[in-house]
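The next block holds one structure in the form of structure tokens; read it before the comments.
The values are calculated or read from the model by the stated rules, or taken from the named source; none is laboratory data. As the structure is a computational prediction, the values presented were derived from the model and not from experiment. Cβ: placed from backbone, ideal geometry, glycine included. Neighbour counts: every protein chain shown. The protein model used for the area step is the full one, side chains on, heavy atoms only, and it has no ligands, DNA or RNA in it. Shrake-Rupley method; radii C 1.70, N 1.55, O 1.52, S 1.80 Å.
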Amino acid sequence: MGLDLFHAIPSAKTRDTFEYLTMDEFKDNPKFLEKHSHLLTEVDETEWDFEILVFPDKLTKDLITERTPSYKEKLTLVGNIDNLNLELSEVAMKNSIRNKEPLILKSIDYQLTKETAKEIYYYTVSFETGSKKIQVLYWATKGYQRKGMNRNFYDDFENRKLYFDKASVLKASSYLKPTSDDGSHNLKTHFRGNFVDNFIEGESMFFGSW
């Protein structure tokens, strides 16, 4: 996993558009969604309601659940996820879930990683429980950047949160971190051309995914 930055704009569904945003992702800016409501599309979405958390060790489990108390109520396993196939299958069968391939996602707690100087991570294992029709907004890419931000970026920006104002994009530009000395100018030029200069409030969205 790594950091991906996007400058996105709403788009009609075409053969070249694959990514979409759900209605709840616009809860902080319903006016933006209303403005582009003519582009809303209905899709079938798989529901992954049944969830198991897998921690590599007890210490990590304690650290993560202390920060997120609601996790204490979830089903959890401790150990190497590659060696827990039997345990995961047994838990699924006990909950009447059979013949379903799980969706496994790795989550990294960057704040704890920064504090401990060791990668703190866990896995979310979800099983399909059905499907439903939802309305979504497809988007097209106006700007893209892979990595290139310093650690403080993760403190001030949220994973997958949409930012609709140019001020937030300008703030993000202050966290640029080139991978080499001679790359500083190129990175700043790229970011300004793909995220700042062409960002239009009311049309543009900025977000990071990690």
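Listing for the model above:
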item: Prolate/oblate/rounded call for the stretch 21-135, Cα gyration tensor, a/c under 1.5 rounded; result: oblate
item: Taking the chain and dividing mean pair separation by its residue count, relative contact order in percent (alpha carbons under 8 Å, at least six apart); result: 37
item: q = 0.12, 0.13, 0.16, 0.26 Å⁻¹: log10 I(q)/I(0) that the Debye formula gives for the stretch 120-210, counting C-alpha atoms only; result: -0.49, -0.56, -0.77, -1.46
item: For the stretch 116-210, with +1 on Lys and Arg beta carbons and -1 on Asp and Glu, the positive-most of Ile134, Val196, Ser184 along the dipole; result: Ile134
item: The stretch 13-101 - accessible surface per residue (Å², probe 1.4 Å); result: 71
item: Mean separation of Cα contacts under 8 Å, 6 or more apart, over the residue count of the stretch 66-150: relative contact order %; result: 22
item: Cleavage-rule hits (GluC sites (Glu not before Pro)) in the stretch 77-159: DSSP loop, at most 11 neighbouring Cβ within 10 angstrom; result: Glu158
item: Apportionment of accessible area to carbon and sulfur, the chain, percent (1.4 Å); result: 47
item: Filtered chymotrypsin sites (Phe, Trp or Tyr not before Pro), the stretch 7-69: DSSP coil and at most 12 other beta carbons within 10 Å; result: Phe18
item: DSSP-loop trypsin sites (Lys or Arg not before Pro) across the stretch 1-92, with at most 14 other Cβ within 10 angstrom; result: Arg15, Lys27, Lys74
item: Of (1) 1.54; (2) 0.98; (3) 1.18, the label for Cα Rg over 2.2 N^0.38 Å derived from the coordinates; result: (3)
item: Per residue value of the accessible surface for the stretch 146-202 (all protein chains in place, 1.4 Å probe), Å²; result: 60
item: Cα gyration tensor category, rounded, prolate or oblate, for the stretch 1-60 with a/c compared to 1.5; result: prolate
item: Over 32 Å between alpha carbons, listed pairs Lys118/Lys161; Lys58/Lys188; Lys61/Lys147; Lys72/Lys114; Lys58/Lys100; result: Lys58/Lys188
